[in-house]
Each structure stands twice: as C-alpha cells, then as structure tokens.
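Everything on this sheet refers to the single structure shown next.
The values are calculated or read from the model by the stated rules, or taken from the named source; none is laboratory data. Bear in mind that the values here come from a model prediction, so they are computed numbers and not experimental data. Backbone-built Cβ (ideal geometry, glycine too); neighbour counts: all protein chains shown.
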There are 2 protein chains.
Amino acid sequence: MRDFSQDHRWLSINTATVRKSKGVDLPLPEIIEACVRRGIRAISPWRDQVQAAGLANISRLVRTHGLELSGYCRGGMFPATDAAGLKAARDDNRRAVDEAAELGAPCLVLVVGGLPGALQGKPAHKDIALARSQVHDGIAELLEHARQARMPLAIEPLHPMYAADRACVNTLEQALDLCDQLDPGRTAGESARTPAPLGVALDIYHTWWDPKLQRQIERAGKERLLAFHVCDWLTPTVDLLNDRGMMGDGVIDIPRIRGWVEAQGFAGYSEVEIFSTGQWWQRPHEEVLDTCIARHRTVV
Amino acid sequence: MRDFSQDHRWLSINTATVRKSKGVDLPLPEIIEACVRRGIRAISPWRDQVQAAGLANISRLVRTHGLELSGYCRGGMFPATDAAGLKAARDDNRRAVDEAAELGAPCLVLVVGGLPGALQGKPAHKDIALARSQVHDGIAELLEHARQARMPLAIEPLHPMYAADRACVNTLEQALDLCDQLDPGRTAGESARTPAPLGVALDIYHTWWDPKLQRQIERAGKERLLAFHVCDWLTPTVDLLNDRGMMGDGVIDIPRIRGWVEAQGFAGYSEVEIFSTGQWWQRPHEEVLDTCIARHRTVV
C-alpha cells in the first residue's frame with residue numbers, strides 16, 4: 001500500500017467538496033486556483049460547475065495548470081417514463097462523454113438514476129426492476145459512444161438509501177454484474193493502450209457497510225476499478241444527502257479499504273468527495289482544502 | 001397470494017407504530033385496548049413498553065383478549081468492547097427470550113447491534129468485521145438458551161444506513177449466511193413440532209432496495225421466514241430513523257414482495273412497524289390504527 005504520509009501527490013479534490021465557501025457558491029475557477037496553490041495535482045469537477053464557468057474556459061485552465069482529472073461528475077440518470085425522456089437522457093449522456101473527453105478526464109462517473117420523478121418527490125411508479133432494466137439498456141447504448149470517444153464509463157454504486165431517487169445500482173456486486181453483462185471481455189485486458197470502456201467508481205461512503213466489499217473489490221480487479229472516492233460516515237448522520245464527514249471524523253476504516261483496492265493494483269488518486277451543508281460548506285474553502293490535505297496524509 | 005382486501009385478519013400492529021398519540025407517550029395497555037376494539041388480532045410489542053406496564057400485566061392482557069403476537073421486539077445489540085459488556089448483552093438477551101416465551105411470542109426479533117458506542121455518537125472503534133464476529137458468537141451462545149425455551153430467534157437485517165449504530169447485519173443474504181452457519185440443519189425441517197430455532201424477520205423498509213431480495217427470499221424458504229414487517233419508503237426521507245411512511249405513501253411495491261414471501265409458504269401476519277416523529281406519532285392513535293387497517297386491505 002502506498003505511503004500517503006509524506007505528501008499529497010495522490011490527493012484529488014472532487015469539486016463538490018468546496019462547492020460553497022462560508023455558505024456561498026464558489027466558482028470552479030476559484031476552486032482550481034485554490035487547489036493549484038496547495039500543490040493539489042488533480043480534481044474531479046461537476047458538470048454544473050463546468051457549465052457555469054464555460055467548458056472551454058475550464059479546459060484551458062486545467063491544461064494551463066497541468067492539472068489532472070480523477071473523473072468527471074457525472075452522467076447517468078437513465079430511467080424515464082417515456083421514449084422522449086429516455087432519448088433526452090441518452091443525448092445528455094453523450095454530451096457528458098464528450099465533455100469528459102474535452103477535459104481529459106480518465107472516466108465519466110455514472111450515477112445511474114432511480115425511479116423517474118422520485119428525486120422531485122413525485123415517483124412515477126414503484127417498479128425498481130424496470131428502472132434497473134432501463135439503466136442496463138442506457139449504459140449499453142452509451143457504451144458505443146464512449147468507445148468511440150475512448151472514454152471509460154465508471155458505474156458508481158450508491159448507498160441503498162438513494163435507491164429510490166438517485167441510483168438503483170446499490171452494491172459493488174450489482175455494478176460488477178452490469179459490467180460483466182455489458183463488457184464481458186474486460187476490454188482493457190486485451191490491450192493496455194485501450195482504456196477499459198466499463199468499470200466502477202468505488203466510493204467508500206456508499207459501500208463501507210457491505211459485508212461482501214472485499215470479495216467484490218477482488219472480483220473487480222484493476223481493470224474495473226476506475227476511481228476511488230473517500231469521505232466518512234458520521235454517527236449520527238443527520239441528513240441523508242448532505243451530511244458526509246471529513247475523513248477521520250467517522251466510522252469508516254479507510255486504510256483497510258484502500259488496502260483492498262491497492263492490492264488489486266489500483267494506483268490512482270484518492271478523491272475527496274464531501275457534501276456537507278451543515279459543516280464543511282459553512283467554512284472557508286481554504287480551511288476545507290487544508291484539512292483534506294492533512295487528513296489525506298494521516299487517516300486515509 | 002392471500003386476499004387481504006376483505007378483512008384485516010392478517011394484520012398485526014407493531015406497537016412502536018402507536019408509541020405516541022398526538023405526540024404523547026401511549027401506554028401499552030391502551031394500545032392493546034385500541035387494537036382489540038378494532039378486531040386487530042395480533043401485535044408485536046416492544047420490551048420497553050412491556051416493562052413500563054409490567055410483564056405479568058401485559059401477559060395477562062394478551063391472554064384475556066385472545067391476542068396473538070407476531071413477534072417480540074427486541075433482543076440483540078451483541079457487540080461490546082469488553083467481557084463485561086459482552087456478558088451484559090448475553091444476560092439481557094436471555095431475559096428477552098424468557099419474556100418472549102412468557103408472552104407467547106412466535107419469535108424474538110434480533111437487532112444485532114453495530115459498533116459499540118456508535119448509537120451514543122461515540123464509536124469505540126471502526127472494526128465492523130469485529131462487530132460482525134461478536135454478533136455471530138452472541139447469537140451462537142443465545143441459541144442454546146433459545147432452544148431450551150423453544151423460542152425461535154429472528155435475525156432482522158437492517159438497512160445499511162444503520163450499519164454503524166444499530167445493526168451490522170444489513171442484507172437478507174448476510175442474515176441467511178448467519179442462519180446457515182449457526183443452524184445448518186434447519187431444525188424446523190426435521191420436525192414440524194419443533195419451532196425453527198433460527199430464521200429472519202424480513203422488514204421491507206430495510207430490504208426493498210436489494211437487487212437480490214427475491215432470490216434470497218427463495219433461499220430462506222418457509223422455515224427461515226419468521227416475521228414479515230411492512231411500512232413504506234418516502235421520497236424524500238427527512239430523518240434516517242423516524243421518517244418511515246404509511247403503506248401506500250412511498251415507493252415500495254409491497255404486494256410484489258409479499259407475493260415472493262407467500263410463494264415460500266409464509267402464512268403469518270403482516271406486521272405494520274412505522275417510526276414517524278413528524279407525521280404518524282403526531283396524530284391520534286385511533287386514526288393511525290384505522291389507517292393501518294385501510295391500507296392493509298388496499299395496498300399491502
């Protein structure tokens with residue numbers, strides 16, 4: 001396992017972590033400047049933040065600073081109630097793939113969606129099996145476009161508490177079942193120069209509880225492990241979405257899980273992704289970034 | 001699948017559902033009277049409610065009214081940081097078995113516990129594998145006492161969002177793995193007159209999201225399915241513990257899951273268990289019980 005204690009060369013900041021500074025929206029260019037100033041070498045930006053600042057502008061900034069990306073957040077949200085909805089999702093996901101390529105991202109992270117309308121509090125139906133089937137078909141279709149763009153897709157299993165409204169792929173096993181169905185050849189294995197078209201983004205917040213986690217990480221192997229996200233699970237957790245903890249403040253044994261991932265040969269970034277309305281988004285972003293660096297070196 | 005639309009003979013009320021009436025604690029004897037008045041034939045009481053009213057008193061009330069129990073809530077909370085803590089859990093669980101027997105319950109529901117101290121916001125460690133091992137050992141030891149008391153133990157897998165503080169058994173598959181390890185002979189299969197010493201309490205709130213749910217229900221079979229709990233998953237859910245929905249108000253396809261359970265031969269009660277600080281505990285308990293009856297007949 002890599003030694004993170006001496007520097008933060010393998011730290012990446014998911015830009016949602018500093019989406020707000022002292023409660024106020026922080027534009028992506030300022031986030032980038034603050035990361036660069038601290039010697040942070042990689043980020044994973046969100047689409048809405050990129051769009052607000054302009055894709056060309058962010059692409060230029062990333063290249064100027066020699067920044068790497070550890071991912072691009074996010075595509076997905078495949079399920080819909082009618083053909084028009086499915087087509088809109090398909091078109092939007094193709095644009096996301098193209099944006100990820102323009103930014104030089106190593107993968108597009110997929111939060112696959114749940115029951116249509118549930119995120120707006122108005123679920124159109126209760127058939128999660130149907131939603132899962134639409135996710136399967138949506139990824140299958142997007143995969144063709146992703147192959148042409150040479151952009152790997154990283155399915156992110158989300159915590160089961162998001163099954164209804166955000167993602168009906170809820171365990172690493174389920175995500176890997178999808179990978180095996182849609183990319184049985186593990187394309188990356190055939191040629192090191194071809195990026196894996198399909199794999200997973202492993203976020204410990206979503207998966208730490210899973211009694212099968214270690215076995216499924218071993219099943220994934222290096223080819224399928226496209227991204228590794230960290231934060232922490234707080235006790236108590238007071239909000240289902242925006243009460244993620246800073247690494248070290250919760251109950252997740254992060255080094256143990258990182259050890260499992262690195263035992264498979266994963267040598268990429270450890271990406272910090274914290275949504276925190278009550279705590280970290282209330283603080284100055286400089287303090288949040290400095291804390292991420294310190295915790296990356298001590299508890300990740 | 002049984003037709004629930006004509007009556008509510010297979011409705012059981014978990015007494016936590018009417019723990020409060022208009023925000024005020026409702027004593028168990030009053031809950032029992034209100035259930036009996038409505039022709040509700042079964043309840044599943046909580047230990048703290050029984051203790052507040054007196055075990056002998058409740059036992060007498062149950063028998064006087066010819067009430068059945070669909071379970072007794074709850075034993076468990078096995079993990080601890082030292083031998084004294086483990087022994088205290090063991091002793092308390094034995095008492096719970098004895099109380100369940102005194103009340104004529106068909107099973108003692110086990111909420112197995114998580115990281116010691118996490119429920120109090122002070123987790124003693126981050127080793128969920130250790131907690132799981134203590135749960136295994138705790139159930140193994142309790143099983144001897146349960147066999148003597150002829151009291152089946154029902155392991156309740158809790159939603160993964162409770163893994164840290166309430167139960168580190170989080171899927172039906174994991175619960176059944178425990179059953180197979182600790183009771184490989186499926187004792188009930190050997191003699192219909194011997195109650196199954198070990199099985200599961202299946203609560204759809206905790207398990208509805210699971211892509212393997214149907215397969216694991218089939219694996220459980222009639223011998224392992226000791227209790228069936230219903231409520232609903234709301235979108236949004238505003239509190240991790242006490243924002244469960246009334247059947248029909250959320251996204252769970254309840255009849256589909258009940259169909260899977262009954263296809264295994266389950267013919268017991270459908271037990272309503274709703275924790276709801278903001279909604280149902282604020283209403284008069286009479287209204288809550290009447291609503292449970294109506295929903296049982298229409299959407300369960």
Residues (out of contact with any strand residue (DSSP E or B) (no Cβ under 9 Å at 6 or more places or on another chain) and in the same structural domain as A:VAL111 (by TED's automatic domain parsing)) located in the range A:44-93: A:THR81, A:ASP82, A:ALA83, A:ALA84, A:GLY85, A:LEU86, A:LYS87, A:ALA88, A:ARG90, A:ASP91
Looking only at residues in the range B:169-185 that are assigned to a loop (DSSP other than H, G, I, E, B) and either under 22 Å from B:CYS231 (Cβ atoms) or under 13 Å from the mean Cα position of the chain (by Cα) (or both), which one is nearest to the other protein chains (Cβ to nearest Cβ)? B:ASN170
Any hit, the range B:141-157, residues being crowded, with 21+ Cβ neighbours inside 10 Å, within 11 Å of another protein chain (Cβ to nearest Cβ) and at pLDDT 95 or above: yes
All-but-one check, A:THR235 against (1) over 20 Å from A:ILE43 (Cα atoms); (2) polar (S, T, N, Q); (3) within 20 Å of the chain's Cα centre (by Cα), failing number (3)
Consider B:ALA164 carefully, then state whether it is among the small types (Gly, Ala, Ser), assigned to a loop (DSSP other than H, G, I, E, B) and in the same structural domain as B:ALA83 (by TED's automatic domain parsing). yes
Taking the residues in the range B:113-128 that are in contact with a strand residue (DSSP E or B) (Cβ under 9 Å, 6 or more places away or on another chain) and not in a loop (DSSP other than H, G, I, E, B) as candidates, determine which candidate is farthest from the other protein chains (Cβ to nearest Cβ). B:GLY113
Under 7 Å between Cβ atoms, which residue pairs at least 6 apart in sequence (or on different chains) link something in the range B:136-161 that is without any contact (Cβ under 8 Å) to a residue 12 or more places away in the chain with a partner that is among the hydrophobic types (A, V, I, L, M, F, W, C)? B:PRO160/A:TRP209
Just one listed residue, out of A:ALA164, A:ALA227, A:ALA129, is surrounded by fewer than 22 Cβ atoms within 10 Å (Cβ to Cβ) and either free of Cβ contacts under 8 Å to residues at least 12 places away in the same chain or hydrophobic (A, V, I, L, M, F, W, C) (or both), and it is A:ALA129
